[in-house]
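Right, one structure below, let's go through it.
The values are calculated or read from the model by the stated rules, or taken from the named source; none is laboratory data. As the structure is a prediction and not an experimental result, all values here were calculated from the model. Neighbour counts run over all protein chains shown; Cβ positions are idealised from the backbone, glycine included.
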Amino acid sequence: MGGFAVVLSPFNLMLMIVGILLGVIIGVLPGLGGANGVAILLPLTFSMSPTSAIIMLSCIYWGALFGGAITSILFNIPGEPWSVATTFDGHPMARQGKADEALTGAFTSSFVGALVAVIVITFLAPLVAKFALKFGPAEFFAVQFLTFASFVGMGRGSAFKTLASMSLGFALASVGLDTVTGQLRMTFGTTELLTGFKFLTAVIGLFGIGEILASMEAGLAFAGTHARLRLNAVLETWKKLPAYWMTSVRSCIIGCWMGITPGGATPASFMSYGIAKRFSKNGNKFGTGQLEGVVAPETAAHAAGTSALLPMITLGIPGSPTAAVLLGGLLIWGLQPGPLLFVEQKDFVWGLIASMYLGNIAGLIIVLTCVPLFAAILRVPFSIIAPMIMVICAVGAYTINNAMFDVWMMGLFGVIGYVFNKLKYPLPPLVLALVLGDMAESSFRQAMLLSQGSLSIFWSNGLVGTIFGLGVILLFWPVISWAVAGMRQAKAA
């Protein structure tokens, strides 16, 4: 109650609304991202009190989480890395004239995932903080292995094409400076490759430019150009969402777990989508425009993105890039994250948690009232919108490092995305390996150094053994399913 009293002051309410609007804009622009947006606007908060500053910056974060779904659904361009999985079914829905339904489902699922995560932060902070302390390199690699295994084992396409796509992602992720030995790998004397391929550059190219090239080949036409504006779409979609309650619960659990450990919002969205696809009765239709395929990744991404703040507040360990920026803000404001923060700075901590509740409610209202406006974008002819998308993509790629090299790389990845689309190779495994490959390699090598080269470290305790064992089961799930089905048939015979 004290936290809500802090947030409900007129000045803090105004900062909340401004933060959400700025965040939505940041989320819509490809390449900018929540972390970059918060970092750019951080200096504006130095003259504020720490409580007001963290409320504004956290609301920018919530707005960016909401905004990332907009361009993902309407243009197949992920505004944020965690919105990649939303494109798989969100964009096909938009092309079928269901843009408002997809956006409503995405925003509502985002709200649900974030709300559950805030409840977890409110009531389970001490227990979760103690659990997060148990994670070392072996546990982190086990989580990442579980993510990769779920994609291979739970996918309904060709496992060989999935592995081929993922292998290319691992190769791209290994380019640059080796963080363990300090040696350069596959830079070929190019200074721009010292830091490796930028994930957002690859995503913008693979999905944005690749989609434009495919649309140009199809005849310069948007399948969703004549989308109908249904003002009652929000109510219609809300009537459908309760049918996916199990998917939402599963996605909330995955998201909170990946945010706290911390695995991150991006792998949480991929894992949630893959598991939802496996267990859904319409799993074979995923990728063709299923509302459930939008609900799963959006719920998990927001649950992970929100719960990532928990280890930052309680332990000083940022669970996401944006949480790392906010951690820097705390130190600049003279606050030391940790358990004592709950004792020494009660107004700050509970004001922040209260702003999470109110910020998500305000964010949902703001983005839902603009659903018809977002859907109306599809009425613009493709010959006009395509150059605009190209410019936005180029600006997004350039702003990552302020370098033209990233723009050329975006174009190259666009061609790769187009070729993959023509050859029916899945893009998500490549993107997943690109974003997680470097972290997985570092975790694995650190674990090997700790165990002096013994693989037994991956079942050295109950926690890492359980996670790794679950990953092995998911990896060989098709074989297990085939064996179980064969036994049932033999029994029936």
Worksheet, complete the sentence: Among the residues of region 29-64, the number that are within 26 Å of MET388 (Cβ to Cβ) and at pLDDT 80 or above is 2
Fill in: Pick from region 264-320, criterion at pLDDT below 80 and of a type in the set (Ser, Thr, Tyr), ranking: farthest from VAL203 (Cα to Cα)
THR314
Worksheet entry | Residue, surrounded by the most Cβ atoms within 10 Å (Cβ to Cβ), within region 84-127, restricted to residues that are closer than 19 Å to CYS256 by Cβ and at pLDDT below 80 | ALA125
Response to the item:
Scanning region 279-318 for residues that are more than 15 Å from GLY105 (Cβ to Cβ) and among the charged types (D, E, K, R) gives LYS281, LYS285
Worksheet item: Do we have VAL431 as of a type in the set (Val, Ile, Thr) and at pLDDT below 80 here?
Response: yes
Item to complete: Give the residues of region 193-203 that are closer than 20 Å to ILE416 by Cα and not β-branched (Val, Ile, Thr), sorted by residue number.
Response: LEU193, GLY196, PHE197, LYS198, PHE199, LEU200, ALA202
Worksheet item: modelled with pLDDT under 75 and assigned to a helix (DSSP H, G or I): does that describe LEU200?
Response: yes
Item to complete: Note down all Cβ pairs under 6 Å where the first residue falls in region 281-308 and is touching a residue at least 12 places away in the same chain (Cβ under 8 Å) and part of a helix (DSSP H, G or I), the second is surrounded by fewer than 24 Cβ atoms within 10 Å (Cβ to Cβ) and of a type in the set (Gly, Ala, Ser), and they're at least six residues apart or on different chains.
Response: GLU292/SER280
Discussion item. Residue pairs, Cβ under 8 Å, 6 or more apart or interchain, first in region 1-15 and over 13 Å from SER58 (Cβ atoms), second exposed (fewer than 14 other Cβ atoms within 10 Å of the Cβ). List them.
Written reply: GLY2/LYS346
Worksheet item: Counting only residues that are surrounded by 20 or more Cβ atoms within 10 Å (Cβ to Cβ) and among the β-branched types (Val, Ile, Thr), which one in region 417-456 is nearest to TRP257 (Cα to Cα)?
Response: VAL435
Worksheet item: So, in region 205-244, of the ones that are hydrophobic (A, V, I, L, M, F, W, C) and assigned to a loop (DSSP other than H, G, I, E, B), which residue ends up modelled with the lowest pLDDT?
Response: ALA227
Practice prompt. State which residue pairs qualify: first residue farther than 28 Å from LEU423 by Cα and inside region 162-187, second residue surrounded by 15 or more Cβ atoms within 10 Å (Cβ to Cβ) and aromatic (Phe, Trp, Tyr) in any location, beta carbons under 9 Å apart, and separation of 6 or more residues or different chains.
Written response: GLY176/PHE197
